[in-house]
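The values are calculated or read from the model by the stated rules, or taken from the named source; none is laboratory data. Predicted model, so just to flag it, every value in this text is computed and none were measured. Positions of Cβ are generated from backbone atoms using ideal geometry, with glycine treated the same way; all protein chains shown enter the neighbour counts.
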Amino acid sequence: MSTEQQAARLKQIKNQLQLHKDRGIRLCLGCESEPRLGYSHGEYCETSPRLPYPHKLGQRFEAFTLHCPGCGFKLDGFMNLQAALCEWHRANTPGDVYYAARWAERFEQQMMAKAATTLEH
Ligand SMILES: [Zn+2]
């Protein structure tokens, strides 16, 4: 992709995200912050985000992920914005015992993984 194409693509993604925000995006179940979008793309390599479908090394990819700037809760990467948003909405379903427990479990795992990496470095 050329630089102009990349800039156009980024603008497209921002516009799509804004559309979703205008319609209402769920807030973080843990701290009620509005999620932020993480986007990465390029040629798939060892350090690229894990995606639901396996990618071959060197293959072009795009990864979308939503995370909370407040408490750090994050979700896995998806190949399109719609899928990442669906996952965010599901994970942050308010007023539901099952989703609340699942959220807390994921958050705890993430914090433990973070603590482990901090210790390693
Ligand atoms: Zn949060």
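Consider Pro69 carefully, then state whether it is within 14 Å of the ligand (Cβ to nearest atom), surrounded by 12 or more Cβ atoms within 10 Å (Cβ to Cβ) and not in a helix (DSSP H, G or I). Judged against the criteria, Pro69 is a match. Look at (1) in a loop (DSSP other than H, G, I, E, B); (2) touching a residue at least 40 places away in the same chain (Cβ under 8 Å) and you find that Leu37 fails only one, number (1). Taking first residues from the stretch 43-54 that are of a type in the set (Asp, Glu) and surrounded by fewer than 10 Cβ atoms within 10 Å (Cβ to Cβ) and partners that are assigned to a loop (DSSP other than H, G, I, E, B) and modelled with pLDDT of 85 or more, the Cβ contacts under 9 Å between residues at least 6 apart in sequence or on separate chains come to Glu46/Leu57.
Of all residues in the stretch 72-121, those that are surrounded by fewer than 18 Cβ atoms within 10 Å (Cβ to Cβ) and touching a strand residue (DSSP E or B) at 6+ places or on another chain (Cβ under 8 Å) total 5.
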